[in-house]
Structures are given as C-alpha cells and as structure tokens.
Amino acid sequence: MKSTTAEVDPGSYLLSRTVDGFGFAKQEQSNSTEALSKNRPVDDHPNDREQKRIRKWRKMIGVGGSDWKHYVRRKPHVVKRRIRKGIPDCLRGLIWQLISGSRDLLLMNPGVYEQLVIYETSASELEIIRDISRTFPSHVFYQQRHGLGQRSLYNVLKAYSVYDRDVGYVQGMGFLAGLLLLYMSEEDAFWLLVALLKGAIHAPMEGLYQAGLPLVQEYLCQFEQLVKEYLPMLGEHFTQEMVNPSMYASQWFITVFSYSFPFPLALRIWDVFLYEGVKVVFQVGLALLRFCHDDLIKLPFEKLLHALKNFPAEAMNPDKLLPLVFSIKVSKRLEEFKREYEKRKERPLPHSLPPLSSSGRLDVLMDAKPGDGSGSNYSNHESPLPYNVEEIRPHGGINRFRSAGYSNVSFRHEAIDIPLRVSLNSIVSTARKMHCVVLQQSSLWI
C-alpha cells in the first residue's frame, strides 16, 4: 500500500535554536568544552575505550540479539553489572527490546500493530491529539506539527488504547511512548509498551493508569514506608510538615522519571528499570532524598515541596546518584510492604491521591512545570495544538512504520553547536524514501 503522507521537510527541524546531543533544543548556549561534553551523547565519536565497550556488548548480544538469552543464562551477573554501567547509546533501542521481552511479543504477533493503527478506532483519539504537543515539545523529533514524530506518537498511543480498552489512554503514557520512539520504530515502541503494562518480564504496570490509579496508590504507600524506615528523621519531618509522596513522587512512577528529569539520567534509569523492574524507581527516589537530606530537613512546607520538584544539578548527575541508588537494597522490604498493603487495602488510605477528572487525565499529579524552573528543561510543556483527528490520523501506508529497529536519538554531530544534521534514510520495508531524523545505524544492523 502506497503511503500518501507528505514527506517530512528536513529544514523544518533546523530551528533557530541549536540542539544538544540528544536532540533537545538548548535553552542556554555555551562554548565551553565542559558544556559541550555534557551535551554530547555517549556514542558520538566514541573514543577507543567506548569502542571497546561497544564491541563487548555486540559480542554479548550477537547479531540482531540472537545470542542474548544464552548469554543472560550463562552470565547474569555480568549482564546486570554492564547494564548498571549504562547501555551504549547506539545499541540501546535493541537491548531495551531484548531485556523487556517486547521483541518476542512482536515476533509472535505479526500484523497486529497494523490492524490496530489502520483499521480500528479509539474512543481516546481526541484526548491523545490534545496531549501530543505536550510530550517532549523541545525535542526536534516532536516539534513539527503533524510531523513524523507527532504522527508516530499518536499511532502508538492510539494502538495501545485499542489493544487494551480497559486502560485506554491516560496522559502520562505519552512520556513512556515518547521516550521509546526516540530509540525504536513505532511497532517496536508499541510492543515494548505492551510488555511493560502487561508484564512480559516483570509485574504488570497497567494499574498505574487504570481508574483510581490502584498501582500508584500502592507504590506511594510503599514509598512512604520506605522513607520512614530508611530516612527516619526526614520521614518525621515530612509528617510534621504534612508532606506525603502523592505531592511529589506520583509522576516518578507514572512516567518512570521521563517527565521532568534530565534526559541522560532518565536513560540510565530506564536501562536498569527495564532489566530489574520497578524497584529501581523506589531506589532512585530514596537516593535523591538521601542525597539532599540535610537540606530538605530544614525546609518548611512550601519550600520543601519546591525542593522536592527541583533537585540540584549535582543530585541529577548519573555518575554521582546511581552508585548511591545501587547501594540501597529494597527488594525484600517491598515484598513485605506489598503483602501488608494487600491485607489492608480494603481500608481507606491515610493519604489518598487526588481523584482523576472526568476525562481521566492526570493533570493534578503531572503538575511540575519544567519550563518555569521546576525540573529539567527536557520536557517543557506548551499549549496543545489545535489538531483534529483527520489531520493526525494515518492515511494508509503501514509499511512506512513497520519495524526494523532504528534509533531516533543519538545524533552524529561534527560539532555539538552545529545544527542537527538531518539525513535521508530509507526505513526497512518501505517502498518509498522518507525524510527522518537518523541518529545511529539500526540497532539490528550490528
């Protein structure tokens, strides 16, 4: 089937603002070597040491991931250690699919994504369209109205809302899908979203988005208990100031830190999250509170809430935060807290979350505004664009997003302050060439 969708104009991505190594528009430019190195993706002109690390990973996973399962069975501790050190950016898309179990789902369900996108309708289409421009609006892949990025995001979210009509679409899901699409094709991103929410490897996460947010309630209750146990003085201070996790930690769980955290840190967290499960969200939350403990314990209510949504840059440095994260052991206590929670879940919680609005949105919980200083500049919110369904809905041509696995994130810059180089790439299984932001060679062609 021939696609009638207009090709994306590469020039439309080259805005007046330069972008960093991950494709986000820079808000403040600096010519210092330090600033440039911080914005450079890991695999942009990798040095000899990084090249050696990439070769190790390629040997570990095999061609297209063919050796992955065998290696994991033989050397699970090596895999865990390497993932915690960070997955090479050029391989991240493929490895995320392997460790999440989504690649198996894709292979077992040929043609399902095409059916969901092209031939099914969703009751959530208008809600999805309303939120599209609020997902990573400062990233070049999503900036163009009706562009490749926004259409891909719509397709994935619409497909999932049809696939699981009980959950449908909830606002926070856009950040999960948006992050995945920066590292893989639509079909791959869809099945990874399914793997997460339906529990292909780890416990299902669909309760984060179901009516009443049952899993969010459970996680926040567990996190509150962990804070009181691991950080008793800070836990007591929170109690005195009447601060509970629903006021600052809801979006941590709903978006797995992809909403307002610096992108380099979010990627490192996602590496571990997909392999080890949701426990890392608890670990990161505790590590942040421990890192800032001495400052937080002195603050009154208003300043405390502000600080909990605006952690200092030093605390957001992956190389400083993650060693602290991995030193915190929570697995056994989480299991115990879960059993306790299930025994008393019929009783009302002492700190109930704000209820969903009639439209099912999470506006109350997703209340941090990175653009005004509360959080990272990677996910600034903007006013929704005036879309209608006909403008964004795909007009045939499913081959244009049938998967092969390609990365939309690791830009190859001659220099970081030079505008993004947009390449012409022919996506596998596509009869006609389209312009798309090409970042690394396909994760399958290794």
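Below are the figures for this structure:
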read-out	value
Some residue of the range 44-53 being under 23 Å from the mean Cα position of the chain (by Cα), in contact (Cβ under 8 Å) with a residue 12 or more places away in the chain and not in a loop (DSSP other than H, G, I, E, B)	no
All positions within the range 267-320 that are open to solvent by 10 Å² or more (accessible area, probe 1.4 Å) and within 17 Å of the chain's Cα centre (by Cα)	R268, Y275, E276, V278, K279, M316, P318
Any hit, the range 209-228, residues being open to solvent by 10 Å² or more (accessible area, probe 1.4 Å), modelled with pLDDT under 95, among the aliphatic types (A, V, I, L, M) and part of a loop (DSSP other than H, G, I, E, B)	yes
Boolean, L182 is open to solvent by less than 20 Å² (accessible area, probe 1.4 Å) and at pLDDT 95 or above	yes
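Here's the yes/no breakdown for (1) at pLDDT 95 or above; (2) in contact with a His (Cβ under 6 Å, 6 or more places away or on another chain); (3) crowded, with 18+ Cβ neighbours inside 10 Å:
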{"position": "H45", "(1), (2), (3)": "no, no, no"}
{"position": "Q51", "(1), (2), (3)": "no, no, no"}
{"position": "K59", "(1), (2), (3)": "no, no, no"}
{"position": "R81", "(1), (2), (3)": "yes, no, no"}
{"position": "S100", "(1), (2), (3)": "yes, no, yes"}
{"position": "E125", "(1), (2), (3)": "no, no, yes"}
{"position": "R134", "(1), (2), (3)": "no, yes, yes"}
{"position": "S138", "(1), (2), (3)": "no, no, yes"}
{"position": "R145", "(1), (2), (3)": "no, no, no"}
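The values are calculated or read from the model by the stated rules, or taken from the named source; none is laboratory data. Predicted model, so just to flag it, every value in this text is computed and none were measured. Please note: Cβ atoms are built from the backbone with ideal geometry, for glycine as well, and neighbour counts cover all protein chains shown. For accessibility, only protein heavy atoms count, side chains too; no ligands or nucleic acids. Shrake-Rupley method; radii C 1.70, N 1.55, O 1.52, S 1.80 Å.
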